[in-house]
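The values are calculated or read from the model by the stated rules, or taken from the named source; none is laboratory data. Predicted, not measured: the structure shown is a model, and the values here were computed from it. Accessible surface is based on the protein model in full, side chains and every heavy atom, while ligands, DNA and RNA are left aside. Shrake-Rupley method; radii C 1.70, N 1.55, O 1.52, S 1.80 Å.
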Amino acid sequence: MLADKQGLSVMVFSTDESTNKAVVCAGVPEKGGQGKLDVADWLSNALGPLKGRCGKGKGGLATGQVSID
């Protein structure tokens, strides 16, 4: 993953107007060290104010969704 090679964390949002939902994908470098960002925590905190939900995340990747009605 490019984010791993560059040491970057990324979050991408995509909306689907036909279902009135937004899908969110987040990724963090797996090789972090001290202070490593937990992808599921990051995504949960980002989606919390929007009343969204996300999975547990695995391998530095996590997905979630938000209703946009």
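Some values worked out for this structure:
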quantity: Cross-link pairs beyond the 18 Å C-alpha cut-off, checked among K36/K58; K21/K58; K31/K51; calculated: K21/K58; K31/K51
quantity: The chain: relative contact order as a whole-number percent, Cα under 8 Å and 6+ apart; calculated: 31 percent
quantity: DSSP-defined beta bridges in the chain - what % are antiparallel, rounded to 5; calculated: 100 percent
quantity: Within the accessible area of the chain (1.4 Å probe), percent carbon and sulfur; calculated: 52 percent
quantity: Residue-span extension gain [L8 to R53] - 0.36 nm each, minus C-alpha spacing; calculated: 13.9 nm
quantity: Over the chain: Rg over Rh, Cα atoms, Kirkwood Rh; calculated: 1.02
quantity: Per residue accessible area in Å² of the chain, where ligands, DNA and RNA are left out and the probe is 1.4 Å; calculated: 72 Å²
quantity: 5 angstrom amide H check on G55, placed H, neighbours 5+ away; calculated: T63
quantity: The chain, helix-only ellipticity at 222 nm - DSSP H runs n ≥ 4, -39,500 (n - 2.57), divided by all residues, nearest 500; calculated: -5000 deg cm²/dmol
